[in-house]
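Here's the structure, in structure tokens; my notes come after.
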């Protein structure tokens with residue numbers, strides 16, 4: 001059974017732990033260990049997550065499988081006009097291939113419709129196998145870009161969208 005629990009301040013240590021574990025496996029063959037460590041430090045610091053949780057449009061949800069934390073997602077409603085941005089969705093390695101990612105995207109679509117946005121956008125590394133999951137759920141590549149994230153690192157991404 002899959003559940004989605006809205007994350008709150010007291011969930012920050014769990015979100016950080018899930019990010020550390022999921023990133024180490026998700027990006028091991030895509031990014032250098034140094035870039036993974038840099039991005040985790042920048043994007044998943046307690047201060048950064050806390051700041052995002054203060055934004056009424058930014059939402060984190062824990063993805064629970066039989067009440068066990070399996071991963072998480074973070075998205076921002078009204079990122080652009082009528083548009084929600086999926087900033088992150090990650091699963092622990094042992095929970096991949098069980099349909100949790102697809103259920104997470106279905107849950108996201110429901111939340112976006114409730115908010116009356118008409119589009120979801122996301123960035124995904126060009127070498128990330130998750131592209132196939134996004135495509136299976138109706139997302140399409142609409143652009144690509146190389147984004148400087150500091151410390152001489154870049155993100156080489158496809159930009160994907162889903163339109164209602």
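The values are calculated or read from the model by the stated rules, or taken from the named source; none is laboratory data. Please read all numbers here as calculations on a predicted model, not as lab measurements. When we count neighbours, we look across all protein chains shown, and the Cβ atoms used for this are built from the backbone with ideal geometry, even at glycine.
Annotation: of all residues in the stretch 1-47 being under 17 Å from the mean Cα position of the chain (by Cα), surrounded by fewer than 13 Cβ atoms within 10 Å (Cβ to Cβ) and in contact (Cβ under 8 Å) with a residue 40 or more places away in the chain, the one that is nearest to residue 98 (Cα to Cα) is 6. Summed over the stretch 126-164, the residues that are part of a loop (DSSP other than H, G, I, E, B), farther than 18 Å from residue 29 by Cα and either free of Cβ contacts under 8 Å to residues at least 60 places away in the same chain or touching a strand residue (DSSP E or B) at 6+ places or on another chain (Cβ under 9 Å) (or both) give a count of 5. The condition of being touching a helix residue (DSSP H, G or I) at 6+ places or on another chain (Cβ under 8 Å) and more than 30 Å from residue 33 (Cβ to Cβ) holds for only one of 86, 77, 105, 91, that being 77. Considered as a group, the residues in the stretch 48-92 that are part of a helix (DSSP H, G or I) and within 15 Å of the chain's Cα centre (by Cα) include one that is surrounded by the most Cβ atoms within 10 Å (Cβ to Cβ), and that residue is 49.
Report yes if some residue within the stretch 102-124 is assigned to a strand (DSSP E or B), over 13 Å from the mean Cα position of the chain (by Cα), surrounded by fewer than 19 Cβ atoms within 10 Å (Cβ to Cβ) and at pLDDT 95 or above; otherwise report no. Yes, the stretch 102-124 contains a residue that is assigned to a strand (DSSP E or B), over 13 Å from the mean Cα position of the chain (by Cα), surrounded by fewer than 19 Cβ atoms within 10 Å (Cβ to Cβ) and at pLDDT 95 or above. With respect to being part of a loop (DSSP other than H, G, I, E, B), at pLDDT 95 or above and either touching a strand residue (DSSP E or B) at 6+ places or on another chain (Cβ under 7 Å) or on the phi < 0 side of the Ramachandran plot (or both), residue 31 fits the description. Considering the conditions (1) under 17 Å from residue 7 (Cα atoms); (2) surrounded by fewer than 15 Cβ atoms within 10 Å (Cβ to Cβ), residue 140 is excluded by exactly one of them, (1). The selection criterion, being touching a residue at least 24 places away in the same chain (Cβ under 8 Å), closer than 12 Å to residue 12 by Cβ and touching a helix residue (DSSP H, G or I) at 6+ places or on another chain (Cβ under 9 Å), holds for residue 60. When 123, 117 are screened for being in contact with a strand residue (DSSP E or B) (Cβ under 7 Å, 6 or more places away or on another chain), without any contact (Cβ under 8 Å) to a residue 60 or more places away in the chain and over 19 Å from residue 4 (Cβ atoms), only 123 passes.
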